[in-house]
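Derivation of every value follows stated rules applied to the coordinates shown; laboratory data play no part. This structure is a prediction, so every number in the text was calculated from the model and none was measured.
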Amino acid sequence: MQVQDRLYTCPRCGHNLCDWGTFRMDISSISPQLEEYENKWVAIDESEEKIVGVGDDAFEATEEAQRNGYQETILFKVPSFDVALIPLA
């Protein structure tokens, strides 16, 4: 991955990934939709705050978002709902 100002570019698909230590986004507007995407990758359009692509991996989610006309998205892996996530920070 190439690093530019805490932004990483995936060598496979060219999608930009941010450094999670500095990234913040309120996903409360899409939280109700996430249940149907358990264990899937979702591509989120930050400006519209909606899910624009879904896939079994980040590459598939990015491809679907691009087919839907969204070039700049944020990728998010929806965790399994039968486990607990305890942030360390």
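Numerical summary
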item	result
5 angstrom amide H check on V52, placed H, neighbours 5+ away	A43, I44, D45
Cα gyration tensor category, rounded, prolate or oblate, for the range 34-79 with a/c compared to 1.5	oblate
Net length gained if the chain between L88 and E49 were fully extended (0.36 nm per residue, minus Cα distance)	11.4 nm
